[in-house]
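Beneath this line is the structure, given in structure tokens, with notes to follow.
Read-outs throughout are calculated quantities, based only on the coordinates presented, and are distinct from any laboratory measurement. The shown structure was predicted, so the numbers you read here are calculated from the model rather than taken from an experiment. As a convention, Cβ positions derive from the backbone with ideal geometry for all residues, glycine included, and neighbour counts pool all protein chains shown.
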Amino acid sequence: MADEFNSEARKKPQFGTRFLNNQENVFQHNAWDDVEWNDDLIKQAQEKLKLNSEITVPVEDQVKYEDEANIFWDKFYNIHQNRFFKDRHWLFTEFPELTLKPNESESKSQASDPSQINIFEVGCGVGNTVFPILDTNSDSNVMVYCCDFSETAISLIKEHPDFDGKRCHPFVLDISSNSWNVPFPENSLNYIILIFVLSAIHPDKMQYVINQLVKYLKPGGQILFRDYGKYDMVELRFKPGQCLTDHFYVRGDGTRVYFFSEDEVHKIFSSAGLSQTQLYSSKRLQVNRGKQLKMYRIWIQAKYQKL
């Protein structure tokens, strides 16, 4: 497998087709697509990580952040509610599978319709992926299940003016727990969406979570994944004392975040028996033209299929 700085060949655009071919033009636009890193950038990133991981969070505090993770996320959503997030309309560029064609003759009872498409978003937050999917597929036979371990987040989804209980089933679930109570049977889901959610749980529990999810995926169904990549700008901005373990940090509000490499992502999904259909690092250069600042973003995107 290539390391985290070597993306496999692929057909896209993803965010767009704006490429930086001349460094002198870097401040002409706010962002550039697929910006490759040179040795100097990699070295600078490694030096920053060495500094921000020299002092780690005390063990007793690490236990608190693990045991009270739902409390910290509840506080987060109580503070920000739905004003903090924007709907992820880029979703359909990155995952065109989620733009579904309507059935010619839609059944009146979706629950008994074998042609129904079942989508499950894990870590749905306040619905900024859920509602664009429902809106885009308003004429299709789509059922969206969604979970979060924040009761506040699930309540906000149910209070949304576009919420329809016939097409959307939100519920509270701690995916890292040993007991799962879900409203669908095994082998019933066409798509499982994991967007910036696996990074929020402890690395030791990630494999367990994916193994659990695979049980509910139909043969031929896919997991659609997007999350933070190692050396992303966000990781480099953490201060000493916020590091929990390698590439795993706690934010000031008590929520946690992990930063992945391509190899790690592949190992987790392939170990669960899934087949890779897409895996790459999306590297984007954002600039502040006023302050003449460069900000490098790295996300890992992947699609894995159940055979």
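Among the listed pairs Lys64/Lys215; Lys215/Lys303; Lys48/Lys239, a Cα-Cα separation exceeding 19 Å is found for Lys64/Lys215. Just to confirm a number: summing +1 for Lys and Arg and -1 for Asp and Glu over residues other than Asn187 whose beta-carbon lies under 13 angstrom from that of Asn187, what do you get? Spelling it out: positives minus negatives among the neighbours equals +2. Stretched out straight at 0.36 nm per residue, the stretch from Asp174 to Ser115 would grow longer than its current Cα-Cα span by 18.3 nm.
DSSP finds beta bridges in the stretch 128-262, and of those with both partners inside it, around 30 percent are antiparallel. Taking a sphere under 9 Å around the Cβ of His202 and counting the other residues whose Cβ falls inside, with K and R at +1 and D and E at -1, yields a net charge of 0. Ordering 274-281, 184-191 by mean Cβ neighbour count within 10 Å, with the highest value first, yields 274-281, 184-191. Using the Cβ-Cβ distance between Tyr208 and Leu41 with R0 = 25 Å, the FRET efficiency computed as 1/(1 + (r/R0)^6) comes to roughly 0.15.
With only Cα atoms counted, the stretch 112-188 has Rg and Dmax values of 12.3, 37 Å.
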